[in-house]
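The structure appears right after this line, and notes come after that.
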Amino acid sequence: MNAEAVYPPSAGFSRRAHVGDLEQYRDLYRRAEENPEQFWGELAQSELFWFEPFSSVLEWHPPNVKWFTGGKTNLAYNCLDRHLNTPRAAKTAILWEGEPGDQRAVSYQELHRLVSRFANVLKARGLKAGDRAIIYMPMVPEAAVAMLACARLGVTHSVVFGGFSSEALKARIEDLGARVVITADGGWRRGKPVALKTAVDEAIQSLDVADVIVLRRTGGAVRMKPGRDHWWHDLEADAGDVCPAEPLDSEHPLFVLYTSGTTGKPKGILHTTAGYALHTTLTMKWVFDLREEDVYWCTADVGWVTGHSYVVYGPLSAGATTLMYEGAPDYPGFDRWWSIVERHRVSILYTSPTAIRALLRQGDQWPDSHDLASLRLLGSVGEPINPAAWEWYHRTIGKGRCPIVDTWWQTETGAILISPLPGATPAKPGSATLPLPGVIPAVVDFHGKPVPRGEKGFLVIQRPWPGMLRTILNDPARYESQYWQRIPGAYFTGDAARQDEDGYFWILGRVDDAINVSGHRLSTMEVESALVRHPLVAEAAVVGKPDEITGQAVCAFVTLKNVDRDHRDLGAELRQWVTHEIGAFARPAEVRFADALPKTRSGKIMRRLLREIVTSHSVTGDVTTLEDMAVVSRLAAQHDDEA
Ligand code: PRX
């Protein structure tokens, strides 16, 4: 580890940064650690608008937490109204580019008007605080408008990524108990319209959904069911411009976002209003060092937590110009992103290691043919970034000038917890470095005892933080067992990590059955459940296989019921099946057929062995509990036959 590179922030960057050196960071950290209530209480007052002040900062009765109780606020108000009596009113809030090349710049004033009108649309459909709505949209400004309109009224939203299938959408609509689905005819991806409304139709066939509101985006044909389905523009035409933001309790449920768990069933992670608002707003300053003149671009889709916190809520609350791009990074050419950076003078770019690796592979000529001089800060999220990708990002995209913030966090954490502060923290490629003020992580063993520096252990967080999840919707017992009972007295992240001699955190990947494909968390159990629903599949085991671009790829081992089918055909069929059941991003890169899966004597599938097979093509270690060693050798040999 001695040879690892260290990149201190440049003096020029630090001079203007919110947190300008390590001493200042340590001072903030100390203050937060010594008196968290005072620390967070003061920040909540200075960073957010309150209709009514809070009476207590923190009520912590593990595993239940309440932040800023007694207070009334509204996140849409914080994102919009509070900027209106300032010079920001005319500033571009959302800068948007559609894949076909259409562009829009929506000012704060205009966004406020659009959100108010759409909130009136929702009101007219009978929606009020406490109701729930599903948003299934492409990356267009109206996706943010829909989210903010819900937040304005106190309607809890759940955004479902447009890449999810109708099956996955259905499960989420049901679990949420949504009365309304907000969608579009489709969106553009690689030059083609991707239908969304047809997936909604399939999903809600047997469900009790009162209203479907459909934005016209691609102009593709859609079926509108009279009485249930309405065009966005028709409803909006009748709506007024004035819709005051609802004063909501600090703990009012803001949104639910489904993420993979350790079983086949996705978990509805619930976030509430004030703590989330504070945490996302603050990290825009601490981590992204936001300045008034920045053009900030986070490439995530609003269907993931990164899109919630760092495309919509954080940037708008902090008064940024946030860029949204609808389509694929490689359409029409591999320089699409770099042309966007040049065209819109993007100064902060936040993306995933998978995207960086995929673009790196195409060669330097693509970024080199564009002027990237506007960039001043780069960010990475979603998976560990390998040093080679970090170096390329730094050198070829940032021209050696731009600090890189490698931000560690999760759907559950709401916002960034571990990251360099770009003016203060020397970076080490591949490390998320140090925790933010108020965040107390540790690397521990099974009993919660810290492991020595340099050793691998479980990453836990030892105190509550404002943006943390509040529960799993409809399953509080699972919330407790999943996050608070694994390691005594701490929040269990599900990640392995080690801390180096400087206290830097190195995230080593998941310790549960989750795998990380292109920065998206996928549950192997969820893919297995999808596979065994196929009529020909007897058993399935899914493991992550190392992949140069996507970090991990889905590799499925299946045994079949008594059938005689060409494996190549059936493999393609099963991959398509998973696309249908979950979505294309979960499609196995590889399906391997076996006579039997390796099991322990008690009948549990030994995934560790399968992981070894896909990683090293051989099996080492203890296999004495194997029911049938021959099964393993056959699986290992199969790879060599196919290679
Ligand atoms: O394993 C960690 C990885 O992504 C997981 C969280 O996934 P998700 O809830 O989908 O949220 C992704 C975007 C916030 C974590 O448990 N992860 C996230 N960021 C990093 C990371 N692994 C290493 N380094 C990171 N910077």
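Scanning segment 282-304 for residues that are open to solvent by 10 Å² or more (accessible area, probe 1.4 Å) and within 16 Å of the ligand (Cβ to nearest atom), we see that the one that is farthest from the chain's Cα centre (by Cα) is TRP286.
Only one entry in ARG216, ARG189, ARG132 is among the basic types (Lys, Arg), free of Cβ contacts under 8 Å to residues at least 60 places away in the same chain and open to solvent by 20 Å² or more (accessible area, probe 1.4 Å), namely ARG216.
For segment 82-110, the set of residues classified as open to solvent by 50 Å² or more (accessible area, probe 1.4 Å) and either within 22 Å of the chain's Cα centre (by Cα) or at positive phi (or both) is empty.
Residues in segment 154-171 that are buried (at least 22 other Cβ atoms within 10 Å of the Cβ) and in a helix (DSSP H, G or I): ALA168, LEU169.
Taken together, the residues in segment 338-386 that are out of contact with any Pro (no Cβ under 7 Å at 6 or more places or on another chain), open to solvent by less than 30 Å² (accessible area, probe 1.4 Å) and of a type in the set (S, T, N, Q) amount to 6. Of the residues making up segment 365-401, just one is in contact with a Leu (Cβ under 8 Å, 6 or more places away or on another chain), in contact (Cβ under 8 Å) with a residue 60 or more places away in the chain and of a type in the set (A, V, I, L, M, F, W, C), namely LEU377. Quick one: how many residues across segment 408-428 are within 12 Å of the ligand (Cβ to nearest atom) and either assigned to a loop (DSSP other than H, G, I, E, B) or touching a helix residue (DSSP H, G or I) at 6+ places or on another chain (Cβ under 8 Å) (or both)? Qualifying residue count, segment 408-428: 11. Of all positions in segment 550-557, none carries a residue that is in contact with a Ser or Thr (Cβ under 7 Å, 6 or more places away or on another chain), within 16 Å of the ligand (Cβ to nearest atom) and open to solvent by less than 10 Å² (accessible area, probe 1.4 Å). Taken together, ALA124, ALA119, ALA151 contain a single residue that is surrounded by fewer than 20 Cβ atoms within 10 Å (Cβ to Cβ), of a type in the set (Gly, Ala, Ser) and touching a residue at least 60 places away in the same chain (Cβ under 8 Å), which is ALA124. May I ask you to verify whether PRO266 is open to solvent by 20 Å² or more (accessible area, probe 1.4 Å) and within 16 Å of the ligand (Cβ to nearest atom)? It is true that PRO266 is open to solvent by 20 Å² or more (accessible area, probe 1.4 Å) and within 16 Å of the ligand (Cβ to nearest atom). Scanning segment 368-426 for residues that are among the small types (Gly, Ala, Ser) and under 23 Å from the mean Cα position of the chain (by Cα) gives GLY379, SER380, GLY382, ALA389, GLY414, ALA415, SER419.
Within segment 56-68, not a single residue is touching a Cys at 6+ places or on another chain (Cβ under 7 Å) and not β-branched (Val, Ile, Thr). The test for being part of a helix (DSSP H, G or I) and open to solvent by less than 10 Å² (accessible area, probe 1.4 Å) holds for ALA389. Note on segment 436-507: enclosed strands (runs of 3 or more DSSP E) holding 3 or more residues that are open to solvent by less than 40 Å² (accessible area, probe 1.4 Å), within 16 Å of the ligand (Cβ to nearest atom) and farther than 30 Å from PRO8 by Cβ are 491-499. Here the condition is being modelled with pLDDT of 95 or more, open to solvent by less than 10 Å² (accessible area, probe 1.4 Å), in the same structural domain as VAL145 (by TED's automatic domain parsing) and touching a Phe, Trp or Tyr at 6+ places or on another chain (Cβ under 9 Å); of SER250, SER309, it holds for SER250 alone. Is segment 69-81 home to any residue that is surrounded by fewer than 23 Cβ atoms within 10 Å (Cβ to Cβ), in contact with a Pro (Cβ under 9 Å, 6 or more places away or on another chain), of a type outside the set (Asp, Glu) and on the phi > 0 side of the Ramachandran plot? Among the residues of segment 69-81, at least one is surrounded by fewer than 23 Cβ atoms within 10 Å (Cβ to Cβ), in contact with a Pro (Cβ under 9 Å, 6 or more places away or on another chain), of a type outside the set (Asp, Glu) and on the phi > 0 side of the Ramachandran plot, which makes the answer yes.
The values are calculated or read from the model by the stated rules, or taken from the named source; none is laboratory data. Just so it is clear, the structure is predicted and the values come from calculations on it, not from any experiment. When we count neighbours, we look across all protein chains shown, and the Cβ atoms used for this are built from the backbone with ideal geometry, even at glycine. These accessible areas exclude ligands, DNA and RNA; they are computed on the full protein's heavy atoms, side chains included. Shrake-Rupley method; radii C 1.70, N 1.55, O 1.52, S 1.80 Å.
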